[in-house]
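The values are calculated or read from the model by the stated rules, or taken from the named source; none is laboratory data. Everything numeric in this text was worked out from a predicted model, so none of it was measured. Because the Cβ atoms are built from the backbone with ideal geometry, glycine has one as well, and the counts that use them run over all protein chains shown.
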Amino acid sequence: MAYYLYKNNELMDIDFDKFNKESAQECVDLLNSLNDENERYKSIF
């Protein structure tokens, strides 16, 4: 099973069958980046 996320406006897949520490860290980094971006937009509006 694969899940898809956007990173830098590009669709990327995360294959949870091969999910490991490295891909978990990549997912966490992406979610943190999206959260930071969301916070910046909140401060603008």
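Scanning the chain for residues that are in a strand (DSSP E or B), basic (Lys, Arg) and at pLDDT 70 or above yields nothing. In the stretch 26-43, the residues that are farther than 13 Å from residue 8 by Cα and without any contact (Cβ under 8 Å) to a residue 24 or more places away in the chain reach residues that are β-branched (Val, Ile, Thr) and not in a helix (DSSP H, G or I) with C-beta atoms within less than 9 angstrom, at least six apart or across chains, in these pairs: 26/14; 27/14.
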